[in-house]
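Q: Mind looking over this structure? Questions follow.
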Amino acid sequence: MLPVTAHKTDALYTQSIYKLMTINQKLITRGLALFIPVLFCTKLYAQNNLMKEISIGEIKQQRMGTVLDKIASKGNFYFAYNNKNIPADSMVSVAGYRGTLFSLLDKLLGDSYEFKEVPGYIVLRHAPGRLYITAEVDKEFAIVKGYVNDVSGQKAIAQASVYEKNQLVSTLTNDKGYFELKLKNPTGQLSLSVSKENYRDTALYILPVVNVDSKHNNNKNYKYYPDEGSGNGVEHSRFARFFISSKQLVQGMNLGNFFATSPYQVSLVPGLSTHGMYNSQIIDKVSYNLLGGYTAGINGVEAAGIFNINRKDVKGFQMAGIFNVVGGSLSGFEIAGIYNSVKDFTGGVQVAGLFNTGQQSSGVQFAGLFNWSTGQTGSQMAGLFNVAKKVKGFQLGFLFNVADSSDHPIGIINFIKNGEKSLAISTDETWFTHLDFRSGGRVMYGLIGAGYKFGDASSKDASSKHVFDIGFGAHIINHPQFSLSSEYVVQIFTKSYQTQSFRLLTGYKLTKLLRLFAGPTFNISGSDPNDDVQIRGWELSKHISNDNITTLSIGITGGLQFVW
């Protein structure tokens with residue numbers, strides 16, 4: 001058993017570590033415990049952006065967020081922080097400054113904040129609390145156990161995340177601050193880290209053999225995602241949270257946006273995984289979830305019998321028997337038996353048995369019932385309807401399509417904010433009077449309506465006086481004064497008589513709201529030989545079989561549109 005204690009400090013005493021190498025191994029381990037946070041800080045506060053000297057002129061009453069943006073732009077990096085905890089809108093003044101960026105941040109924010117440096121970012125985190133950890137290793141049972149306490153009050157810290165960064169295992173402390181961590185390799189070097197919301201991170205190295213390697217701190221198996229404050233994560237989704245345990249949610253809050261990478265993982269359900277509860281912080285290349293899984297993200301292939309839940313991005317292929325939920329973006333292909341949800345950008349293909357939801361997309365959504373996007377979208381195809389903000393491609397929904405902007409909606413009814421809608425009254429060569437509603441975008445539109453034949457006393461069947469219209473059209477020319485459109489319309493007269501009409505309609509605007517239109521029609525009619533129907537238009541040809549009469553004819557239609 002090797003009892004060890006670690007405290008977090010801000011100084012850099014790396015040389016002291018080297019002096020300890022001449023002492024026996026037991027003393028080295030105990031001594032390192034006092035200086036381990038120094039090594040941890042060496043990674044965070046190394047001679048990179050934080051320790052570079054900067055020079056700024058006098059600043060009078062500017063937003064702190066603006067000052068940080070200016071510093072970041074000159075240093076070619078970004079500041080990452082949560083607006084709820086960093087006073088970015090507060091006004092600050094600086095009477096000129098020359099020194100390290102770390103010292104400037106310390107003056108601007110105070111000692112209640114922690115600064116971490118990761119590739120491309122400096123993370124600002126509100127962490128007024130201090131932790132210390134005591135630990136001992138039981139090599140026989142491959143367990144490291146210990147306590148996490150508050151430095152100032154010596155009180156136990158519950159629900160703190162304790163994890164080993166290289167072995168990718170983690171656990172949470174109980175109400176007494178106690179933890180036990182099952183190790184995969186108890187004889188190797190241990191790198192214990194402790195994270196807790198509103199506390200500074202603390203790290204502890206336990207070295208069986210001292211081996212100082214400057215490259216070790218540049219571990220590329222970790223990735224940082226800046227917190228953009230969008231609140232789109234799966235932790236904010238009531239649907240996904242139903243399948244995520246409270247312990248895993250606490251882990252996510254404690255560990256934040258630092259994620260590890262791993263070649264593979266296998267799980268039964270969230271939490272019962274080859275990575276245990278640390279699975280929600282790991283981006284895998286191959287992930288297989290027998291029932292369901294909760295991972296940080298995928299950079300390869302993932303499959304599940306029931307569901308997949310990913311905190312961040314999915315790149316590659318993902319499939320699930322029931323649903324997929326992605327907290328970040330999708331680049332690739334995902335398929336689910338019922339439901340797909342991508343909280344951020346979709347740059348691939350979504351296929352769902354029932355519905356897809358997402359934000360911005362440049363890809364394609366296919367769904368049995370509907371697609372729902374709250375931002376810009378590529379293309380959508382659904383059995384019933386589609387909803388989007390701005391559609392760059394097309395929308396194909398049998399019932400209706402909804403969008404602020406969509407040039408190519410293909411549906412019976414289309415609610416396009418910047419599109420054209422009209423109500424038209426018209427007649428044709430058989431003297432049916434039609435009332436039709438047209439709606440769509442700049443190019444495509446849908447048509448639905450009905451017709452009635454007034455004063456026809458010769459028909460034996462009163463139902464032949466009624467007709468139901470449904471169809472689609474396209475604006476060929478849409479000049480402010482003149483227009484030219486083509487339409488395909490199905491007209492159903494009785495259960496056994498219908499006509500398919502191909503129309504070419506010219507239009508002339510009388511006023512801003514009124515348009516006259518007229519044009520020829522090419523008709524294909526099918527009817528039962530026993531029905532008393534009147535073939536419309538001028539007959540071109542007729543084919544008679546035992547159960548159907550097919551007639552080709554041409555006609556003409558025209559009317560008046562009320563356009564808005």
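The values are calculated or read from the model by the stated rules, or taken from the named source; none is laboratory data. Computed from a predicted structure; not experimentally measured. Every residue, glycine as well, gets a Cβ built from its backbone with ideal geometry; the counts of neighbours run over all protein chains shown. Keep in mind that these areas ignore ligands, DNA and RNA; they rest on the heavy atoms of the full protein, side chains included. Shrake-Rupley method; radii C 1.70, N 1.55, O 1.52, S 1.80 Å.
Q: Looking only at residues that are at pLDDT below 95 and not in a strand (DSSP E or B) in the stretch 357-368, which one is most open to solvent (accessible area, probe 1.4 Å)?
A: Gln360
Q: Could you please let me know if Asn198 is open to solvent by 30 Å² or more (accessible area, probe 1.4 Å) and modelled with pLDDT under 90?
A: For Asn198, the condition - open to solvent by 30 Å² or more (accessible area, probe 1.4 Å) and modelled with pLDDT under 90 - is met.
Q: If you don't mind, there's one more thing I want to ask. Please pick out the residue among Leu330, Leu354 that is touching a residue at least 12 places away in the same chain (Cβ under 8 Å), under 24 Å from Val269 (Cβ atoms), buried (at least 24 other Cβ atoms within 10 Å of the Cβ) and not charged (D, E, K, R).
A: Leu330
Q: While we're here: So, in the stretch 123-147, of the ones that are modelled with pLDDT of 85 or more and among the aromatic types (Phe, Trp, Tyr), which residue ends up surrounded by the fewest Cβ atoms within 10 Å (Cβ to Cβ)?
A: Of everything passing the filter in the stretch 123-147, Tyr147 is surrounded by the fewest Cβ atoms within 10 Å (Cβ to Cβ).
Q: Would you check if there is a residue in the stretch 277-295 being within 19 Å of Phe242 (Cα to Cα), modelled with pLDDT of 95 or more and under 17 Å from the mean Cα position of the chain (by Cα)?
A: No, that holds for no residue.
Q: Could you say which residue among Ala424, Ala403 is in contact (Cβ under 8 Å) with a residue 60 or more places away in the chain and of a type in the set (A, V, I, L, M)?
A: None of the other options fit; the residue is Ala424.
Q: Could I ask something else about it? Having 2 or more residues that are over 23 Å from Leu204 (Cβ atoms) and touching a Cys at 6+ places or on another chain (Cβ under 9 Å) is the bar; report the strands (runs of 3 or more DSSP E) wholly within the stretch 70-168 that clear it.
A: Filter on the stretch 70-168 gives an empty set.
Q: Look at Gly411 and say whether it is touching a residue at least 12 places away in the same chain (Cβ under 8 Å) and surrounded by fewer than 18 Cβ atoms within 10 Å (Cβ to Cβ).
A: no
For (1) in contact (Cβ under 8 Å) with a residue 12 or more places away in the chain; (2) buried (at least 21 other Cβ atoms within 10 Å of the Cβ); (3) farther than 23 Å from Ser170 by Cα, each residue gets a yes or a no:
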residue	(1), (2), (3)
Leu290	yes, no, no
Ile306	yes, no, yes
Val325	yes, yes, yes
Ile335	yes, no, yes
Val342	yes, yes, yes
Phe370	yes, yes, yes
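Q: Would you point out which residue out of Ala127, Ala142, Ala158 is aliphatic (A, V, I, L, M) and within 20 Å of Asn185 (Cβ to Cβ)?
A: Among Ala127, Ala142, Ala158, only Ala142 is aliphatic (A, V, I, L, M) and within 20 Å of Asn185 (Cβ to Cβ).
Q: Moving to a separate point now. Taking the stated definitions as given, is Gly507 buried (at least 17 other Cβ atoms within 10 Å of the Cβ) and modelled with pLDDT under 95?
A: When the stated conditions are applied, Gly507 does not pass them.
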